[in-house]
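Asks: Structure in structure tokens, see below.
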Amino acid sequence: MIDGIIKYNLAYKKSAPLRENRFLGIEAVRKRLVALGFIGVYTNGVGYGNISQRARGDAFVITGTQTGHLKNLDANHYALIEEFNDKRFYLRSSGAIKPSSEALTHGTIYNLSSQINAVIHIHSKGIWNYMLQSGFLKTGIVEYGTVEMIDEVNRIYKDRNPLSNPKFVMSGHSEGVMFFGKDLEEVERTLLEVVGLFVERPSNPN
Ligand SMILES: [Zn+2]
């Protein structure tokens with residue numbers, strides 16, 4: 001399986017780089033997550049981790065594809081999702097770069113509730129294993145960026161207020177975890193709460 005490849009149908013119109021006010025909030029959070037290794041690049045060169053923030057309506061700003069190796073991003077590295085339809089596996093974007101290959105999964109999360117305004121996707125072997133083994137919400141074993149992933153996100157939250165449990169682990173996407181919430185600060189807090197539980201876990205249950 002090749003990671004980092006965009007699988008959804010993308011209508012991309014290259015445009016001027018995004019204005020700073022569209023991404024400075026994301027960038028501040030991203031810096032901290034890069035420092036913690038939750039966003040970065042594998043030794044094979046594939047980047048991981050992405051952050052998005054709702055702009056207005058269904059539009060949202062997300063980090064560009066394959067930017068994980070960069071410590072700091074600027075206007076050239078952010079994409080604006082102008083429109084998406086996860087039932088049609090379709091996404092339209094502008095900006096100086098194509099969006100993250102996981103952008104449509106972010107879209108599905110925004111579709112869960114108009115109160116959701118930010119999404120963070122990290123990779124962490126430790127957190128991923130911990131969440132899989134500790135009863136957190138999880139997808140079935142499906143790959144990132146697929147129709148099956150969209151179905152799994154909708155299944156998880158079918159009979160559940162998404163904001164009551166705004167995090168899940170992606171069983172079929174090695175090391176991948178999703179967090180979301182009303183704003184970026186809240187999402188980062190939720191993430192750090194899980195990190196805290198992970199750090200405090202009994203290191204040797206036996
Ligand atoms: Zn991922």
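The values are calculated or read from the model by the stated rules, or taken from the named source; none is laboratory data. Everything quoted here is computed from the prediction, not taken from an experiment. Because the Cβ atoms are built from the backbone with ideal geometry, glycine has one as well, and the counts that use them run over all protein chains shown. What goes into the accessible areas is simple: the full protein's heavy atoms, side chains included, and nothing from ligands, DNA or RNA. Shrake-Rupley method; radii C 1.70, N 1.55, O 1.52, S 1.80 Å.
Asks: From the phi angles alone, apply the Karplus equation (6.51, -1.76, 1.60; θ = phi - 60°) to the range 190-200 and give each ³J(HN,Hα) in whole Hz, x where the residue is Gly or Pro.
Replies: 4, 4, 5, 5, 5, 4, x, 4, 5, 5, 8
Asks: Past 23 Å, Cα to Cα, is the threshold; run 98/138; 13/71; 71/125; 125/182; 98/167 against it and keep the listed order.
Replies: 98/138; 13/71; 125/182; 98/167
Asks: Identify the trypsin sites (Lys or Arg not before Pro) of the range 144-190 meeting these criteria: DSSP loop state and at most 13 other C-beta atoms within 10 Å of the C-beta.
Replies: 158, 160
Asks: Can you tell me the order of 32-45, 63-76 when each peptide is scored by its average per-residue count of other Cβ atoms within 10 angstrom, highest first?
Replies: The peptides rank, most packed first, as 63-76, 32-45.
Asks: Express the carbon and sulfur contribution to the solvent-accessible surface of the range 9-200 as a percent, rounded to the nearest whole number, probe 1.4 angstrom.
Replies: The computed percentage sits at 48.
Asks: Through the Karplus equation 6.51 cos²θ - 1.76 cosθ + 1.60, θ set to phi - 60°, convert the phi angles of the range 22-31 into ³J(HN,Hα) values in whole Hz; use x for Gly and Pro.
Replies: Computed from phi, the couplings for the range 22-31 are 7, 9, 4, x, 5, 4, 4, 5, 4, 3 Hz.
Asks: Using the alpha carbons of the chain, what is the convex hull volume per residue in cubic angstrom, as a whole number?
Replies: 118 Å³
Asks: Using a 1.4 angstrom probe, figure out how much accessible area the range 9-200 has per residue, in square angstrom, rounded to the nearest whole.
Replies: Ligands and nucleic acids excluded, the figure is 45 Å² per residue.
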